[in-house]
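So the structure is just underneath, and the comments pick up after that.
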Amino acid sequence: MQLLLKVLILVFSSVLPALTDTGKFSFDSIDGGSLDLSDYKGKAILITNTASRCGFTNQYSDLEGLHKAYRERGLVVIAVPSNDFNQELSSSSEVKEFCNVNVGLSLLMTEVISIRGKRAHPFYRWLKQEHGFQPKWNFYKVLLDKNGNFHASFNSFTKPNSSSLLKVVDEVLKQP
């Protein structure tokens with residue numbers, strides 16, 4: 001039994017660092033290339049799982065407004081399209097076109113990914129495993145502090161421009 005435990009520790013030790021340090025997470029950008037969270041060290045990051053055909057889709061405009069208002073203060077806003085709730089367009093190119101035409105997004109956006117279940121992106125698996133957080137619907141938000149640590153989460157009903165979310169963002173941005 002003790003040998004089995006040692007073997008399991010050795011096997012999983014190569015996986016665990018990537019699941020505990022947000023700086024090791026990377027997303028494929030909808031514009032090509034990658035979005036490495038390590039590139040944003042020293043900045044707060046708000047990550048929101050999104051969908052183009054959801055009742056909360058109007059929050060894209062609020063996310064864009066937050067991005068424009070807070071980027072100079074050190075906030076990075078990342079939209080993560082997902083079809084896990086069957087409300088996203090069929091391809092990343094369609095999502096990009098939808099967002100450009102309807103909202104004129106300039107914030108960062110990933111390719112369409114899975115955020116739940118066995119196919120969930122490693123970042124979302126880490127959130128569930130380490131912080132017990134898993135989006136229950138579209139437009140759930142996660143705030144990482146300037147060191148990449150999980151700081152807070154917000155549900156779909158919390159708009160990106162709500163006083164409750166902005167208060168927490170302001171607190172994180174004031175931290176050294």
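The values are calculated or read from the model by the stated rules, or taken from the named source; none is laboratory data. Being a predicted model, the structure only gives us computed values, none of them experimental. Backbone-built Cβ (ideal geometry, glycine too); neighbour counts: all protein chains shown.
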If you go through the range 81-119, how many residues are more than 19 Å from residue 46 (Cβ to Cβ), surrounded by 14 or more Cβ atoms within 10 Å (Cβ to Cβ) and of a type in the set (Asp, Glu)? 3
What's the total number of residues in the range 132-150 that are surrounded by fewer than 20 Cβ atoms within 10 Å (Cβ to Cβ) and over 18 Å from residue 37 (Cα atoms)? 5
Take the conditions under 29 Å from residue 175 (Cα atoms), buried (at least 21 other Cβ atoms within 10 Å of the Cβ) and at pLDDT 95 or above and apply them to residue 70. Does it pass? no
Kindly establish whether residue 157 is among the hydrophobic types (A, V, I, L, M, F, W, C), surrounded by fewer than 18 Cβ atoms within 10 Å (Cβ to Cβ) and out of contact with any helix residue (DSSP H, G or I) (no Cβ under 7 Å at 6 or more places or on another chain). yes
Hits in the range 21-41 (condition: small (Gly, Ala, Ser) and under 22 Å from residue 99 (Cα atoms)): 26, 29, 32, 33, 34
